[in-house]
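Colleague: Please find one structure pasted underneath; my questions will follow.
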Amino acid sequence: RGVPTASSAMKLVLLAALVAFAAPLAMAGDGVMVLTADNFDAEVGKDVPAFVEFYAPWCGHCKALAPEYEKVGETFSVKDGVIVAKVDADAHRDLAGRFGVRGYPTLKWFPKGSLEPEDYTGGRSAEDIVEFINDHTGLRKRVATPPTDVIALTPDTFDSLALDPAKDALVEFYAPWCGHCKALAPKYEKVGAAFRAEDNVVVAKVDADKHRDLAGKFGVSGYPTIKFFPRGADKEAQDYNGGREVQDFVDFLNERAGTFRTSDGGLTAEAGRVDELDELVEGGVTEETLAKAEAIVAGLDGADAKHGKLYVNAIKKVIAKGADYVAKETARLSKMIDSGSVTEEKRTLFMLRRNVLAAFA
């Protein structure tokens, strides 16, 4: 095979250095340091405190905690002066036994310079753990949360939103560790987005594991539990027993709240339409049509009165600009609706106007 050249020997040295350098980076890939029997004493009990999870890969509760714990790891960086770590206690049983670990997951707090841990017995959400670490370090870190159209309710905000007599509210009571809740979350988020522009519809959620008294008030005993609070002076919680797909929720809210939303946040073709006015404009419009429309609208109330004004405005435009106005304005409104450059309120208004113009076609 021959003797390695100086050049190839140097490449081997560099490769070994790169592997050694990459190893700790791989361990902390999700922000959570991986500790083993070989590196535990080198990292814990030194000049920074450490929060450590002892887990088993096969443990269901550990799997449920994993995404929340990753958020904790992503919240704190090395420069914050705290370690967030985990130990595979099934693979390193002697290490786990050294700290009295008998079940999974076990969470422990190791103060700076100490290998005498404090048991963590708080909640299992990322927010709970981050709050604990903040309290013990003086930090003020927060879990990063993506933008959401689902309102997170607490005991302080529940009554003002879910029990507002002017609003229909759909509320999910969930637990952060619940597998079914996690499966529902992206679908429920789409429901919130679909009704984002509806001022009188609330799509919300309550962390029932954190706010157990609030959940208990409404008889919540499993997760997720979904309740509907219809508008009215005497609001009573009603069980939601429908399907768990986005369209199921959208259909339910449309029926109960009198809305016309589609699952992507658009409006159905029926939104904004008033039967009596549809019949009036069906055969073309004149000044006489305008006068009749104004008389009809004067007798309407609620949403119909608001939509009736769109008919009156459209009739005036057709009279002033001719029949071509309907096709041109429909095309213009469609372009604005699809542009993504208008607010939800404007987009809703443009969809309503487009629907009304369809009555003139």
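The values are calculated or read from the model by the stated rules, or taken from the named source; none is laboratory data. The model shown is predicted, which means the values in this text are computed figures rather than measured ones. Cβ atoms come from the backbone with ideal geometry, glycine included; neighbour counts cover every protein chain shown. With ligands, DNA and RNA removed, areas are computed over all heavy atoms of the protein, side chains included. Shrake-Rupley method; radii C 1.70, N 1.55, O 1.52, S 1.80 Å.
Colleague: Just from its helices, what would the mean residue ellipticity at 222 nm be for the chain, if runs of 4 or more DSSP H residues each count -39500 (n - 2.57) and the sum is divided by every residue, rounded to the nearest 500 deg cm²/dmol?
Modeller: Details: 14 runs with 169 residues, N = 361.
Helix contribution divided over all residues of the chain: -14500 deg cm²/dmol.
Colleague: Treating only the Cβ of Lys, Arg, Asp and Glu as charged (+1, +1, -1, -1), what charge dipole size does the chain show about its Cα centre? Round to the nearest 20 debye.
Modeller: That gives the chain a dipole magnitude of about 1140 debye.
Colleague: Report the accessible area of residue 83, computed with a 1.4 Å probe over the heavy atoms of all protein chains in place, in Å² rounded to the nearest 10.
Modeller: 20
Colleague: Any chance you could look up the accessible area of residue 160 with a 1.4 Å probe, heavy atoms only, rounded to 10 Å²?
Modeller: Near enough 80 Å² of accessible area.
Colleague: Moving on to the next point. Along each of the three principal axes of the Cα atoms of the range 201-302, give the extent in whole Å, ordering the values from largest to smallest.
Modeller: For the range 201-302, the Cα extents along the three principal axes come out at 63, 30, 18 Å.
Colleague: To continue, here is another question. Once you've got the Cα coordinates, tell me which of 79/210; 112/141; 306/346 are over 21 Å apart. Can you show the working numbers first?
Modeller: Numbers: 79/210 30 Å; 112/141 19 Å; 306/346 15 Å.
From 79/210; 112/141; 306/346, over 21 Å: 79/210.
Colleague: Still on this structure: Classify the range 147-202 from the C-alpha gyration tensor, please: rounded if a/c falls under 1.5, else prolate or oblate depending on whether a/b exceeds b/c. It would help to have the intermediate numbers written out before the result.
Modeller: Working: a/c = 2.46, a/b = 1.37, b/c = 1.79.
Because a/c hits 1.5 or more and a/b fails to exceed b/c, the range 147-202 counts as oblate.
Colleague: Per residue, how much accessible surface does the range 154-268 expose to a 1.4 Å probe? Answer in Å², no decimals. Each step should come with its number before you reach the end.
Modeller: Values: 5420 Å² over 115 residues.
I get 47 Å² per residue for the range 154-268.
Colleague: Please figure out what share of the DSSP beta bridges in the chain is antiparallel and state it in percent, rounded to the nearest 5. Could you put the intermediate results ahead of the total?
Modeller: Working: 15 of 34 bridges.
Antiparallel bridges make up about 45 percent of those DSSP assigns within the chain.
Colleague: A follow-up question, please. Cα-Cα over 22 Å: which of 71/217; 46/108; 46/86? Each step should come with its number before you reach the end.
Modeller: Numbers: 71/217 30 Å; 46/108 15 Å; 46/86 16 Å.
In this structure, 71/217 exceed 22 Å between Cα atoms.
Colleague: Now for a different question. Pairs of alpha-carbon atoms within less than 8 angstrom and 6+ residues apart define the contacts here; what relative contact order does the range 84-200 have, in percent? Could you put the intermediate results ahead of the total?
Modeller: Numbers: 62 pairs, mean separation 19.5, N = 117.
Relative contact order of the range 84-200: 17 percent.
Colleague: Exactly which GluC sites (Glu not before Pro) in the range 253-298 are in a DSSP loop and have at most 11 other Cβ atoms within 10 Å?
Modeller: Working: sites: 255, 270, 276, 279, 282, 287, 288, 294; in loops: 270, 282.
Counting only loop positions with at most 11 other Cβ atoms within 10 Å, the GluC sites (Glu not before Pro) in the range 253-298 are 270, 282.
Colleague: Can you run phi through the Karplus equation (6.51, -1.76, 1.60; θ = phi - 60°) for the range 96-107 and list ³J(HN,Hα) in whole Hz, with x for Gly and Pro?
Modeller: 3J(HN,Hα) across the range 96-107, in whole Hz: 5, x, 4, 10, x, 6, 10, x, 10, x, 10, 10.
Colleague: Also, quick follow-up: Give me the percent of the accessible area of the chain that comes from carbon and sulfur atoms, probe 1.4 Å, all protein chains in place. Present the calculation step by step, with values, prior to reporting the outcome.
Modeller: On the way: 10430 of 19830 Å².
Answer for the chain is 53 percent, counting heavy atoms of protein chains only.
Colleague: Using alpha-carbon pairs under 8 Å, 6+ residues apart, how would you state the relative contact order of the chain in percent?
Modeller: On the way: 513 pairs, mean separation 41.7, N = 361.
Reported relative contact order: 12 percent.
Colleague: Pick out, in residue order, every one of the trypsin sites (Lys or Arg not before Pro) in the range 229-330 that is DSSP loop and has at most 11 other C-beta atoms within 10 Å; say none if there are none.
Modeller: On the way: sites: 231, 235, 244, 256, 261, 273, 292, 306, 309, 316, 317, 321, 328; in loops: 231, 235, 244, 273.
Here no loop site has a sparse enough neighbourhood.
Colleague: May I pose another question? Hey, what's the Kirkwood Rh for the chain if you take every pair of different alpha carbons, in angstrom? Before the final figure, lay out the partial values.
Modeller: Values: mean 1/r = 0.0395 Å⁻¹.
After inverting the mean inverse Cα-Cα distance, the result is 25.3 Å.
Colleague: With all protein chains present, calculate the accessible area of residue 177 using a 1.4 Å probe and round the result to the nearest 10 Å².
Modeller: Answer for residue 177: close to 100 Å² accessible.
Colleague: What are the ³J(HN,Hα) values, in whole Hz, obtained from phi via the Karplus relation 6.51 cos²θ - 1.76 cosθ + 1.60 with θ = phi - 60°, for each residue of the range 142-148 in sequence order, with x given for Gly and Pro?
Modeller: In residue order, the calculated couplings are 10, 5, 5, 10, x, x, 9 Hz.
Colleague: How large is Rg over Rh for the range 193-236, taking Rg from the Cα atoms and Rh as the Kirkwood inverse mean of 1/r across Cα pairs?
Modeller: Ratio of gyration radius to Kirkwood radius: 1.01.
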